[in-house]
Each structure stands twice: as structure tokens, then as C-alpha cells.
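J.: This is the structure, below, for whatever I ask next.
Just so it is clear, none of the values below were taken in a lab; they were calculated from the coordinates. Keep in mind it's a predicted model, so treat the numbers as computed, not measured. In this analysis, Cβ positions are derived from the backbone assuming ideal geometry, glycine residues included, and neighbour counts consider all displayed protein chains.
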Amino acid sequence: MTGRTIRLHTFCSVKGGVGKSTLATACAKLLAARKRVPVLVDCDLTGTSLADGLRLRAPSVTRLDDGSIDLEAPPTGELLTVEQTRALRAQRRDALRRDGQTWKDRPHPPPYFNDPLNYAFRTKRPGRVDALLWRHERDDGVLYLPSSSTHDDVIQSVEWFFGQPFDWARSFAWTLDALAQQVPALSDVVVDLPPGIWGFPHEALVLVSTLLREEPMPDDYPPWHTGPIRWAPNPFLVTSRDPNDILPAIEYVARQRARIPTLKPIVNRDTEGLNALRSMARARVGPLLEAAGLHETLERVAEMSSLARLFWDGDVTADKVPPEVEKTLRLVEEP
């Protein structure tokens, strides 16, 4: 793996409902169409899941005697059907309800991103994340690791956010490191972060900043600055045209400009055009926008029915994504 580079595409937003997950999914599909090997990691742990909108097939995993997932077992090489996956998701809900608090230490199938994240935190080492990867019913070349929208899983995540101490960034880094080590062909990791620009999303962008500045990782993090794998960040902040969305988004990008110079603001589902957007932003933000040089980096994605129906239809093919989206997502420069 000497000299190997993995691109880390991160998508964040000020608020939900702006199409962040749609663009992240489109990004992964476009990468797969270029014969790359992307993993789409769904980090939105606060009540939504890519598995709710996409027709995904969960992997068949090795189980322990109590029926929970053996997170140290290698891949079985088998996938469930969409119908079997949905049945297991319902069973996981029932198992969590029956088991009370013990489910936090032994999650039941199907596997979600929540599980290796929690495992890395508890054990201080990553599990076999490669055994937990899902695929689409129409094998599109993308590997998926969705989050859980199950009530008890979400409650645990909320406790991480607001109650119990949890080192998100370290567990996240070790989970990504496990993917890189266990999937030798992996070329890209696409990360769909939770809404909001503080908490876990901000921690993830601090990690991006560390990689961009080629700074040493903390002692209990993966040694990416000295290892054989180079991580190349490609970060985005997705916003709508609404002033109560785009203004804090632009201010955040401007204030992080020194540490994350490649963080690109994208106005999604725009119908007015780029010049109108820039004029509005210049009038509202003024000197801060000018000082950060954001006039040239602010970009838009027009309203597109093909992308808008992604989660309604459970899929969209890469050929339905307009070429300008590839340019906006900085994929055209990929080797």
C-alpha cells in the first residue's frame, strides 16, 4: 500500500433538508462510474439513514452465541436481499427494546456505522469494518455504511452529543483507518455528516484541517502523517439559498478559511443563478466575504429532477447526474 492516496470527500451543512445526503450519494456514484472504489459513510446519526431511502442490501454477518454481531469476524462474502434486510432492521428494533441497556455493547444485525464507531470507542481498536459494508440492489460499485434511524440507536447518539463524553473524531478516524487497511482497493471515502457546523461535524472538519496542513495526529489517533496511506481531503459545505442558511454557512467558511482553505460552499437547488447568489452574499456579508475571497469559490447546483427523486425512487444512476455536478464536486481532476 506504499504511496497509496485515498480521497476523503466530506459533506456538511448548517441545517438539514438542503440536499447534502443527495450530493454525497451522487458523488459516490460518480466515483464508481469512474471505476474507482468508494465507500459512502453515513454519519448522520440523529434520526435519518441512507438505508431508509436507498434500496440497500445488508451483509450477512457472523453472530455471537447471543445473536449479536461479532465485530471482529471477517466478511462472510454474502449479502441479504432488500426484503431480508428490512426484516432484520425490524428485528433489531425488537431486540433493542427487549434487551434494555445491554444492546449498547452487543448490537444486533444488520450492522450500521453506529456499531464500529461505538466499538472503536469502547475497545480502543477498530473492528472488521469491511465485514459491515452494504451494497445497492443494483450493484452500482459503491460500498455503503449507513447509520441507524432506530429509536434506541438515535438515543445513544444523542447521549454522545449532549451527555456522555465521547471522542467522536478519534473513533471516526480509527473507523476510517480500518476501512483503508481492510479494503486494499479503496480509493475514496465519501462522508455524509450530520446537520450543523458544530459538534461532530466541526470535529470532522478539524480532522480535515489536520490532514490539509499535514500536521501530526494526536497520540491515540491513527498515525496517518507517518503511515503508507495519504489522505487527500475534498470538503464541502452544502447550503440552500435561504438567507437564514447561506449567511451562517458563508460566515463559517470564511472564518475557517485559514485552516480549511479548500472548504467549498455549494448552494444546492438554486434557480436564480450564480451572479444573483454572489450579489446577495456580498450585500449581506460584505467585507467578510471579500476578505475570505469567497466570490470565486461559491458555486451552485441547479434544481434537477433526477437528483431530487433519488430517495423517492431508491436510486439514481450516474448517467442521470449532469456533468456540471462532477466539476462542482471537483471530480473531473481525478486521475
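J.: Roughly how many debye, to the nearest 20, is the charge dipole of the stretch 184-236 about its Cα centre, given +1 on each Lys and Arg Cβ, -1 on each Asp and Glu Cβ, and no other charges?
T.: 140 debye
J.: For the residues Ile250, Ile229, what sequence is obtained by ranking on other C-beta atoms within 10 Å, fewest first?
T.: So the ranking, lowest neighbour count to highest, is Ile229, Ile250.
J.: Among Arg92, Arg284, Arg300, which one shows the highest mean-square fluctuation when the chain is modelled as a Gaussian network with alpha-carbon springs under 10 Å?
T.: Arg284
J.: On to the next question. With only alpha-carbon atoms in the gyration tensor, what are the semi-axes of the equivalent ellipsoid for the stretch 112-180, in Å, largest first?
T.: One finds semi-axes of 23, 16, 8 Å for the stretch 112-180.
J.: Rounded if a/c is under 1.5, else prolate if a/b beats b/c, else oblate: with a ≥ b ≥ c from the C-alpha gyration tensor eigenvalues square-rooted, which is the stretch 191-325?
T.: oblate
J.: Once the Cα atoms of helix 114-123 and of the chain are each reduced to a long axis, what angle between those two axes, in degrees from 0 to 90 to the nearest 10, is obtained?
T.: Once rounded, the angle reads 70 degrees.
J.: Classify the stretch 167-228 as rounded, prolate or oblate from the Cα gyration tensor: take a ≥ b ≥ c as the square roots of its eigenvalues, call it rounded if a/c is under 1.5, otherwise prolate when a/b beats b/c and oblate if not.
T.: Since a/c reaches 1.5 but b/c is at least a/b, the shape of the stretch 167-228 is classed as oblate.
J.: Using each residue's phi in the stretch 304-312, evaluate 6.51 cos²θ - 1.76 cosθ + 1.60 at θ = phi - 60° and report the 3J(HN,Hα) Karplus result to the nearest Hz, with x for Gly and Pro.
T.: Each residue's phi maps through the Karplus curve to give 9, 5, 5, 6, 4, 9, 3, 8, 6 Hz.
J.: List the residues whose amide H sits under 5 Å from the amide H of Arg63, counting only those 5 or more places along or on another chain, with H placed 1.01 Å from N in the peptide plane.
T.: Asp70
J.: Using alpha carbons only, how many degrees (0 to 90, rounded to 10) separate the axis of helix 243-255 from the longest principal axis of the chain?
T.: 90 degrees
J.: Right, another one. Mind listing which chymotrypsin sites (Phe, Trp or Tyr not before Pro) in the stretch 142-204 are in a DSSP loop and have 13 or fewer other Cβ atoms within 10 Å?
T.: Trp198
J.: By a straight-distance test (C-alpha under 28 Å), which lysines pair with Lys29 as possible cross-link partners, with residues fewer than eight away in the same chain excluded?
T.: Straight-distance partners of Lys29: Lys15, Lys20, Lys264, Lys320, Lys327.
J.: Then there is this: Would you mind counting up the charge near Leu193? Only other residues with Cβ under 12 Å from its Cβ, with Lys and Arg at +1 and Asp and Glu at -1.
T.: -3
J.: Report Rg (one decimal) and Dmax (nearest whole number) for the stretch 14-127, counting Cα atoms only, units Å.
T.: Rg and Dmax of the stretch 14-127, Cα atoms, are 15.4, 45 Å.
J.: To continue, here is another question. Cα axis of helix 20-33 to longest principal axis of the chain: angle in degrees, 0 to 90, nearest 10?
T.: 80 degrees
J.: To continue, here is another question. So how strong a dipole does the chain carry about its Cα centre when Lys and Arg Cβ are +1 and Asp and Glu Cβ are -1, to the nearest 20 debye?
T.: In debye, rounded to 20, the chain gives about 400.
J.: Most mobile of Val189, Val285, Val321 per a Gaussian network model of the chain (Cα springs, under 10 Å)?
T.: Of the options given, Val285 has the highest mean-square fluctuation.
J.: Another one. What 222 nm value per residue comes from the helices of the chain, counting each DSSP H run with n ≥ 4 as -39,500 (n - 2.57) and dividing by all residues, nearest 500 deg cm²/dmol?
T.: Using -39500 (n - 2.57) per qualifying helix, the result is -11500 deg cm²/dmol.
J.: Further question: Quick check on the exposure proxy: order Glu215, Glu326 from fewest to most C-beta atoms within 10 angstrom.
T.: The order, fewest Cβ neighbours first, is Glu215, Glu326.
J.: May I ask you to sort Glu78, Glu324, Glu203 by Cβ crowding, counting other Cβ atoms within 10 Å and putting the fewest first?
T.: Glu78, Glu324, Glu203
J.: Now for a different question. Would you kindly derive the ³J(HN,Hα) couplings of the stretch 207-221 from the backbone phi angles with the Karplus curve 6.51 cos²θ - 1.76 cosθ + 1.60 (θ = phi - 60°), listing them in order in whole Hz, with x for Gly and Pro?
T.: Using θ = phi - 60°, the values come out as 4, 4, 4, 4, 5, 5, 8, 6, 8, x, 6, x, 4, 9, 9 Hz.
J.: Now for a different question. Assign one of three labels to the stretch 84-243, namely rounded, prolate or oblate, based on the Cα gyration tensor with a ≥ b ≥ c the square roots of its eigenvalues; rounded applies when a/c is under 1.5, prolate when it is not and a/b is larger than b/c, and oblate otherwise.
T.: Rounded shape, in that the Cα axes give a/c under 1.5.
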